[in-house]
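Each value in this text was obtained by applying a stated rule to the coordinates, not by laboratory testing. Fair warning: this is a prediction, and the values are worked out from it, not measured in the lab. Reconstructed Cβ throughout: ideal geometry from the backbone, glycine too, with neighbour counts over all protein chains shown.
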Amino acid sequence: MENLVINHWAVLSSAFLNLALGALWYSPALFYNTWKTENGLTDEKFKNVNMGKMYTVSFLLALVISYNMAFFLGDIQTNWSWGLTAGFLTGFGFSAMVFTVIALFELKSLKYILINGGYIVVYFSLIGFIIGIWR
């Protein structure tokens, strides 16, 4: 464990990235309308949602994800390319695949799977890159 390197600022930044990337990814400029349609959601359903609570819980979960990635990439030899690769492999090979299996059994559409699975892959790739480069 003496060669373990955790940059807490990189981890914190990676957790904030979850909110920023999500705001962009699920914005009207990208996938918001299709995502809403594929989920059967309407703007009306969001009116009574406590968004502060939702964002707080999302940030805390992203912090756990980011620390987990930081421990996996904690070796002193980790660099940006291994961080990006490990992030992609984690996002695509583990997280998006599990998400896809669940979505298949929930009878979700391919669009739904690609939008959310794509977000997962991009997010994990980016946090791997950040943690890998910001040593």
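Relative contact order, whole percent, for the chain stands at 40, derived from Cα pairs under 8 Å and 6 or more residues apart.
Computed from label points 7 Å out along Cα-Cβ, the spacing between residue 51 and residue 17 is 2.5 nm. Tilt of helix 8-25 relative to the longest C-alpha principal axis of the chain, in degrees (0 to 90, nearest 10)? For 8-25 against the chain, the angle is about 20 degrees. Judged by the mean number of other Cβ atoms found within 10 Å, the most tightly packed of the peptides 35-48, 117-130 leads the ranking 117-130, 35-48. Compared with the dominant Cα axis of the chain, that is its longest principal axis, helix 51-72 is turned about 30°.
Note on the chain: with a GNM built from Cα contacts shorter than 10 Å, the maximum mean-square fluctuation among 69, 97, 51 falls on 51. By the helix-only formula, in which each DSSP H run with n ≥ 4 contributes -39500 (n - 2.57) and the sum is divided by residues, the chain has a 222 nm mean residue ellipticity of -22000 deg cm²/dmol. Can you find, among 55, 121, 88, the residue farthest towards the positive end of the dipole of the chain? Put +1 on the C-beta of Lys and Arg, -1 on that of Asp and Glu. Towards the positive end, the residue furthest out is 55.
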